[in-house]
Each structure stands twice: as C-alpha cells, then as structure tokens.
C-alpha cells in the first residue's frame, strides 16, 4: 500500500436494536439465498428459534454448522470445506468474536459473502476486515486481512442485555483502547489495519467511542445486570461494536493490542476476555508514553469502577516474574506487531519495566480513591 494515501473502511450495513434478530432473514436475503450459520451450541440455545423463524419468514433455509473452541487455521479450513459442500453463498457468524472471525476467514477462503451477528458487545471484531487466528491452546498466532469488511453486522440489543455483564465489560476494555491507540498512530503518521494512513474521520470515530463510553458505561452495566435495554446500553453497544470497530481499523492499533497479544503467551490469561487483557495493554501504553499522571489516574479509577483489571496480579502474573514478562514483551514487540506504530521505539526492557510498574501504580491510585481492588479475573 502507498505510504501517503489515507483510507477508511467499514461494514456495508450496520443494524442494531431490540429484537433485531427478527429482521435477520430480511437483511441476509439481500446478500445471498443459501446461508450457512456458524454458531456454538450455547448460543444456538437462545437464538436458534428466533433465527430459524426469521429465515423461514424470508424464505431462506437454515443450514447450521457448530462452532467450538478458538478461531484456528484448522477450524477455518474445515468451515470453508463445509461451505463448498453445502453450496452456501453467505456465511453468517453468530456469537462471540471467535465464531465471527472464523466465519470471516472461512467466507474469504470459500469466496462467498459474510455477515456478523454478535450476541455480546464484547469485542470490536464484528465490523472488521480481519480475523485474529489463535493456536488450539489459545495463544495468538496471526492476523489475517481480507479485501472487504462484512456485508452485514446485526446486533440485537436485548440479546446483549441478556448476556453476562462480564462480556459487556470486556467490550469496554477493548473499546477504551481504541482512542488511546488511534491518537498515537495519528501522531506517528503510521499505517492502520486498513493499509494506509488514518483519515480524520477514522480517528474522530475512535474519540467518539471513548467519549460515549465515559458518559454511558456505568449506566449500561446496570442495565445489563437487570437484562434491560436502555439508551445508555444502546450507546455502549454502538461504541463497543461499530465505533471501536471502525475506529481501531481505520484509526490504527498501537501498543495496547500488541501487549494483549504478548499476554496470550501466559497460560494464566487464557481464561480472560479479550478486553480484560487489552486493558492491561492500555494502562501499560500510558506508562510507556509518559502520559500525564492525571490521565493515568483517571483511567485507573474509571476502569476499576467498570470492573476491568489494572494489575498483573489480577490476571495471574507475578510482577517479579521477569523471565515470563520478557517472553510477553518479546511477543508484543515481534516484527509486524502494532507496537511499532507508536511514535517512538519500544524495546523489550522498556516494556518489561512498564508492565512491572502498573502494579504499584494502580494499587496506589485505587487506595487514594478509596477503591477496593477487584477479585482476580478468569479464575
């Protein structure tokens, strides 16, 4: 890609609202006639009836394939084979980020169109033209990039409201990184995941995501605790899914997501949500850039209130495990990682020390703010 061009990419259509699943058939029918639905058994248990009814009303068959585990290269190839065997012309990924990423990757290999139907607002994966591929054990393996974004992203707000609170909080952790990474990519004039320089629009959407989350996150968490849909929840779903999705891809990723990828090397982090790991990355990125202490303190207070981890202990890593942290740092600074989009070079010793520093930092800030540390995550 040219180093002087700017680019913004986004899904062809985004649909969100209460009971949106009832309209899925109508929207999918605009894309294809023979959908293959990729979904795990748990998710199928609560969307199966509504999805089947929606497809029947639109005159579409319901061909289903069960998804399980991580989005791995082997699983992607298996799904693509099923697409060919069934003659499907649109792949509909339903559920969390892994199922949706697997659908995108398999749809690309099979040469058909694809749609994302997230049942949680836990990542910004649904809107993007890339998939994160993991090993069978859950360690980060690679990013795969595609020539276009999903043809459809449809989010049923009631289904999100019915999901565990932790899923929404994980989405907050992922989305809060968006602006913090995008502003540094803009400063560095580095390339984004869209393969070019960020547009002002892409960076602005990242900032809008940050602002909407600060205004609405706590009220949205309250809504999900009671399985109710409110305007605050609708705004957080949009910020977590659409604004963060377009914002990270067209605004750019920096250290926070690279640190997330590094943390996947630590087995203790495999029970964490994507956003819980990303939040550790965002706080560490603040330290790396020498951000104003007031900004760091505000971030620690806000993310503690919403229920995100801010220390290594909370994610099962010992701060004095220098060898383990060095392994995390080496993975995070590997060639091609997004940490190289930072406005300055980040070396392994710098990153190890920044990771070690967040424990005493967060502990002090929480104590001064009168906030109790959360229980360990993912255990």
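The values are calculated or read from the model by the stated rules, or taken from the named source; none is laboratory data. In this text the structure is predicted, and so the values were computed from the model without any measurement. Methodologically, a virtual Cβ is constructed for each residue, glycine included, from the backbone with ideal geometry; neighbour enumeration extends over all protein chains shown.
For this structure, a couple of remarks:
- Once the stretch 270-279 is narrowed to residues that are in a helix (DSSP H, G or I) and buried (at least 24 other Cβ atoms within 10 Å of the Cβ), the residue that is nearest to the chain's Cα centre (by Cα) is 275.
- Single residue of 319, 336 found to be within 17 Å of residue 376 (Cα to Cα), modelled with pLDDT under 95 and part of a loop (DSSP other than H, G, I, E, B): 319
- Residue among 152, 130 that is more than 27 Å from residue 330 (Cα to Cα) and in contact with a strand residue (DSSP E or B) (Cβ under 8 Å, 6 or more places away or on another chain): 152
- Selection status of residue 47, within 20 Å of the chain's Cα centre (by Cα) and either in the same structural domain as residue 148 (by TED's automatic domain parsing) or not in a strand (DSSP E or B) (or both): no
- Selected residue [assigned to a loop (DSSP other than H, G, I, E, B) and either within 24 Å of residue 183 (Cβ to Cβ) or modelled with pLDDT of 95 or more (or both)] from 352, 346, 328: 346
- Test result for residue 361, assigned by TED's automatic domain parsing to the domain that holds residue 291, surrounded by 14 or more Cβ atoms within 10 Å (Cβ to Cβ), over 25 Å from the mean Cα position of the chain (by Cα) and closer than 27 Å to residue 306 by Cβ: yes
- Some residue of the stretch 49-70 being surrounded by 13 or more Cβ atoms within 10 Å (Cβ to Cβ), at pLDDT below 95 and either in contact with a strand residue (DSSP E or B) (Cβ under 9 Å, 6 or more places away or on another chain) or within 24 Å of residue 144 (Cα to Cα) (or both): yes
- Matching residues in the stretch 345-358 - criterion: being in contact (Cβ under 8 Å) with a residue 24 or more places away in the chain and over 22 Å from the mean Cα position of the chain (by Cα): 346, 350, 351, 352, 354, 356, 357, 358
- When restricted to residues that are over 15 Å from residue 157 (Cα atoms), buried (at least 16 other Cβ atoms within 10 Å of the Cβ) and touching a residue at least 60 places away in the same chain (Cβ under 8 Å), the stretch 2-34 contains 9.
- In the stretch 207-265, counting only helices (runs of 4 or more DSSP H) that sit wholly within it, the ones holding 3 or more residues that are surrounded by fewer than 24 Cβ atoms within 10 Å (Cβ to Cβ) and free of Cβ contacts under 8 Å to residues at least 24 places away in the same chain span 231-238.
- Some residue of the stretch 170-182 being crowded, with 22+ Cβ neighbours inside 10 Å, under 20 Å from residue 4 (Cβ atoms) and modelled with pLDDT of 95 or more: yes
- Residues that are surrounded by 21 or more Cβ atoms within 10 Å (Cβ to Cβ) and assigned to a helix (DSSP H, G or I), drawn from the stretch 307-316: 314, 315
- Listed by position, the strands (runs of 3 or more DSSP E) enclosed by the stretch 52-125 that each have at least 2 residues that are without any contact (Cβ under 8 Å) to a residue 60 or more places away in the chain and over 20 Å from the mean Cα position of the chain (by Cα) are 63-66.
- Applying the condition of being in contact with a helix residue (DSSP H, G or I) (Cβ under 9 Å, 6 or more places away or on another chain) and in a helix (DSSP H, G or I) to the stretch 35-44 and asking which residue is surrounded by the most Cβ atoms within 10 Å (Cβ to Cβ) yields 43.
- Residues of the stretch 283-305 classified as surrounded by 15 or more Cβ atoms within 10 Å (Cβ to Cβ) and over 17 Å from residue 178 (Cα atoms), total: 3
- For residue 195, the criteria (1) assigned by TED's automatic domain parsing to the domain that holds residue 238; (2) at pLDDT 95 or above hold in every case but one, which is (2).
- Exactly one residue among 318, 334, 372 is under 22 Å from the mean Cα position of the chain (by Cα) and without any contact (Cβ under 8 Å) to a residue 12 or more places away in the chain, and that residue is 334.
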